[in-house]
Amino acid sequence: MPPAPTARLRLREMTESDLDAMAGLLGDPDVMRYYPRPRTREEARAWIDWNRRSYAEHGYGLWVLETHEGEFVGDCGLTWQPVGERQVLEVGYHVLPRHQGRGYATEAARACLELATGAIGEQHVVAIVHPDNAASRRVAERIGMREEQRTVVHGRDVVVLGTGGDQPQVRPLADDELDRAAHLLARAFHDYPWTRWSLPADGYDERLLEIQRLYLGYAREQGVVLVDDDVRGVVALLPRTAPPPTPAMQARVAEVHGDRLADVGSLALPPVSPGWWTLETLGVAPEHRGHGLGLALVRAGLERVGGAGVALLTSSEENVRLYARAGFAVVSTVRAPGGPPVRVLHRQPASR
């Protein structure tokens, strides 16, 4: 979903037919002055393939940038980049030398930033530039970014400029907030494929609230439960070494699942080592989705468990994309008899 056309420019998806233009752009010594070297034609082809994969996975990537008359200008768009241990959304841009100095990069980058903070809902967006690339830095600053850090990305020294974003304050769940958080999770998971399948339809709403209350209380005792200041979202993680729930809790869980208990218990999961954690739940109130709160909660939870490996399950493809931004990858897909497909995701332990 490229941004809407600007006053002078339009953006569209790259195709194989753009190879000549992209090879000319990425092979130009002036355009690539702050890269290790100009790219070859085959590398330009790989660049197009990379962006087409990004369109399929995320709905966005770097797009061809051209005038309304169809004249090729360069590329501009949004891609996920590793900065430290985090994946951040970057506005990137390359403009042919003959079109530089006309404000095209700023015009296109501003349109991409508006898309990122609007329809995509990512409030923290960055531009990653070479320390000596003053022109690229000016573009980032003109669209409202400011220097956030200097670091190394893809083996190169860079300056990271960003929007800062309205980052939510995340904290542990308070004693008197358990019921409020359970109600939030019940709303968040009301139409979730797994809960719809794993709980009987008879008394579904009451069962859903009860199961959230039970597991949230257990996670708070044995692991980490975090919320934002306004309790619009919650995340819970448990160490694999946590003791099992009490017999009383296990009995109540069995009652809540009713005749679905055996099928729920049949889900075969790949083993993980004792030092790992599991991300047990992540829920955001429906009216507050799309603004980066879920990702902020996940990242805060990961910080709490340090460099430990973390595993999770999800039956939502949208969630797979969210967790990928936090460094998770799908390792397998499992399914209980008659149940929805469940993706198993792992975030590998930090290297020592």
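The values are calculated or read from the model by the stated rules, or taken from the named source; none is laboratory data. Since this is a predicted model, take the numbers as computed values, not measurements. We place every Cβ from the backbone using ideal geometry, glycine too, and count neighbours over all the protein chains shown.
Couple of notes before you dig in:
- Considering residues of region 242-298 that are of a type in the set (Val, Ile, Thr) and modelled with pLDDT under 90 only, the residue farthest from Ala311 (Cα to Cα): Val264
- Criterion applied to Gly70, Gly162, Gly74, Gly101 was being over 30 Å from Val298 (Cβ atoms) and crowded, with 22+ Cβ neighbours inside 10 Å, and the one residue passing it is Gly74.
- Considering (1) without any contact (Cβ under 8 Å) to a residue 12 or more places away in the chain; (2) small (Gly, Ala, Ser); (3) assigned by TED's automatic domain parsing to the domain that holds Pro97, the lone condition that Ala201 does not fulfil carries the number (3).
- Test: Ser54 is assigned by TED's automatic domain parsing to the domain that holds Arg137, polar (S, T, N, Q) and closer than 20 Å to Ala116 by Cα: yes
- Of all residues in region 300-342, those that are farther than 16 Å from Arg240 by Cβ and of a type in the set (A, V, I, L, M, F, W, C) total 11.
- Any hit, region 279-286, residues being in contact with a His (Cβ under 7 Å, 6 or more places away or on another chain) and assigned to a helix (DSSP H, G or I): no
- Gly301 surrounded by 16 or more Cβ atoms within 10 Å (Cβ to Cβ) and either assigned to a helix (DSSP H, G or I) or assigned by TED's automatic domain parsing to the domain that holds Asp228 (or both): yes
- Being at positive phi, surrounded by 13 or more Cβ atoms within 10 Å (Cβ to Cβ) and of a type outside the set (Lys, Arg) is a description that does not apply to Val264.
- Filtered residues of region 330-352 (kept if part of a loop (DSSP other than H, G, I, E, B) and either under 25 Å from Glu303 (Cα atoms) or touching a Cys at 6+ places or on another chain (Cβ under 8 Å) (or both)): Gln348, Pro349, Ala350, Ser351, Arg352
- With respect to the stated conditions, Thr117 is surrounded by fewer than 22 Cβ atoms within 10 Å (Cβ to Cβ), of a type in the set (Ser, Thr, Tyr), in contact with a Ser or Thr (Cβ under 9 Å, 6 or more places away or on another chain) and modelled with pLDDT under 95.
- Any strands (runs of 3 or more DSSP E) falling wholly within region 118-230 and containing at least 2 residues that are acidic (Asp, Glu): 146-153
- Pair list, Cβ under 7 Å, 6 or more apart: region 12-31 residue assigned by TED's automatic domain parsing to the domain that holds Glu66, other residue among the acidic types (Asp, Glu) and surrounded by 18 or more Cβ atoms within 10 Å (Cβ to Cβ): Leu25/Asp75
- All strands (runs of 3 or more DSSP E) inside region 15-97 with 3 or more residues being under 27 Å from Glu317 (Cα atoms): 72-83, 86-95
- Take the conditions (1) among the hydrophobic types (A, V, I, L, M, F, W, C); (2) at pLDDT below 95; (3) not in a loop (DSSP other than H, G, I, E, B); Ala308 misses just one of them, which is (3).
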